[in-house]
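See structure below.
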Amino acid sequence: MMGIFHKKRGNQESQNIPLDIQKAFEENLKYISSTEIDVDAIKKQFVKTNTRFYLTIGKVHCPTGHLIVSDPLAYLPSNTFSPVLDRQIPVGEYPVEVSICRSNEIGFRMCTVRLKIKETNAIEYKLANPTKESAAFEGKDGVLSGFPVDAGMISICDQQVAKEYKDFLDNWHKNNPNGNHYDDYFAKFFKASEEKLPQYQREGGDFIEWENPKTKNKLVMVASGFGDGFYQSYWGYDSENEVCELIVPLVNPDLFDL
C-alpha cells in the first residue's frame with residue numbers, strides 16, 4: 001500500500017547501529033506498545049534541559065469532540081486503521097504540544113504528543129480505547145487499542161475534521177491524478193516548519209499545523225519518533241478525576257541516556 005509514497009517520513013533506522021543503541025531501540029518498541037504509562041516519565045519530558053525541549057506546535061479544532069489518532073498520510077485519507085476514541089471531549093479548540101529530545105546518537109526525535117484539554121496537570125494515565133466500530137484491529141478477546149503507522153507520521157484530529165480532510169484529499173487527487181499527497185503537497189508545509197524552527201526538528205520538518213483551505217478547521221501532524229510501528233494513546237486525569245489531556249508516547253528519551 002505504501003508504495004504510493006516516494007519519500008517515507010521516517011524509517012525504523014534499526015540497521016547498522018551500535019548494539020547498545022539497538023537494545024534501546026528494542027526497549028522503545030516495548031514502550032510505545034505498552035498499555036500502561038508512568039506519569040513521572042511523561043512529566044520529565046515536558047521540562048526543558050540542554051537535551052530536552054517542548055513547544056506548542058498548533059491547535060486542533062474539535063467541532064464534535066470525538067477524536068481520531070492515526071497516520072494522516074497512510075490511513076486517515078481512506079478512513080482505515082483510524083480509530084475513533086470512545087470518550088468524547090467538550091467541543092472547542094485545543095493546543096497540541098510535543099516534547100522533543102536531541103542527542104548525538106539519535107538526533108532530534110519527537111517524544112510525546114500532548115493535546116491539552118484543561119490547564120490542570122495529569123496525575124494518572126489510562127489507555128484510550130477505540131469504539132468497537134472503528135478499532136484498527138479486533139482480537140478474540142475484543143477490540144485492540146492503538147493504531148498503526150506506515151508513513152512515519154501521526155495526527156490528532158476531530159472526527160468531522162477527519163472527514164473534511166478526506167474530502168479535501170479526494171478532491172486533490174482528482175485534480176492531481178498522478179500526484180503524491182506528501183511529496184507534491186504536504187512536503188512544502190513541513191519544509192516551512194523546519195525553516196521557521198530549525199532548532200527543534202530534522203531536515204525536512206517534523207511537525208505542522210494544517211488548516212483545511214475550505215473549512216478552515218485545523219489538525220496537526222507529527223513525525224512518529226523512530227517511524228513506523230504500532231502506537232498507543234492515553235487519557236490524562238487530573239486530581240479531580242477529570243480528563244485534562246490526551247497523549248501519544250513515541251520515544252522514551254530515558255532509554256538513550258539523554
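The values are calculated or read from the model by the stated rules, or taken from the named source; none is laboratory data. Keep in mind that what you see is a predicted model, and the values were worked out from it rather than measured. No Cβ is skipped: glycine too gets one built from the backbone with ideal geometry, and neighbour counts run over all protein chains shown. Side chains included, ligands, DNA and RNA excluded: accessible areas come from the protein's heavy atoms. Shrake-Rupley method; radii C 1.70, N 1.55, O 1.52, S 1.80 Å.
Details
- A Förster radius of 22 Å, combined with the Cβ-Cβ distance separating residue 79 from residue 178, puts the computed FRET efficiency at roughly 0.45.
- Protection proxy ranking of 96-105, 226-235, by the mean of other Cβ atoms within 10 Å over each peptide's residues and highest first, is 226-235, 96-105.
- Residues in segment 74-100 that a label on residue 196 would reach, taking backbone N under 17 Å of a point 7 Å out along Cα→Cβ: 94-99
- In the complete set of protein chains, residue-level accessible area for residue 81 is approximately 80 Å², probe 1.4 angstrom.
- Geometric extent, Cα atoms of the chain - Rg, Dmax (angstrom): 17.3, 52
- Simple label model, 7 Å out from Cα along Cβ direction - residue 189 to residue 46, nm: 2.4 nm
- Which of 26, 245 is most accessible, then next, and so on - probe 1.4 Å: 26, 245
- Solvent-accessible heavy-atom area per residue, rounded to whole Å², over the chain at 1.4 Å: 47 Å²
- Under the simplified labelling scheme, the residue 216-residue 34 pair shows an inter-label distance of 4.3 nm, with each label point 7 Å from Cα along Cα→Cβ.
- Formal net charge of residues neighbouring residue 231 (Cβ-Cβ distance under 12 Å; K, R +1; D, E -1): -3
- For segment 69-157: rounded, prolate or oblate by the Cα gyration tensor [a/c cutoff 1.5]: oblate
- In terms of its C-alpha gyration tensor, segment 183-258 has an oblate overall shape, because the principal axis ratio a/c (a ≥ b ≥ c, square roots of the eigenvalues) is not below 1.5 and a/b does not outweigh b/c.
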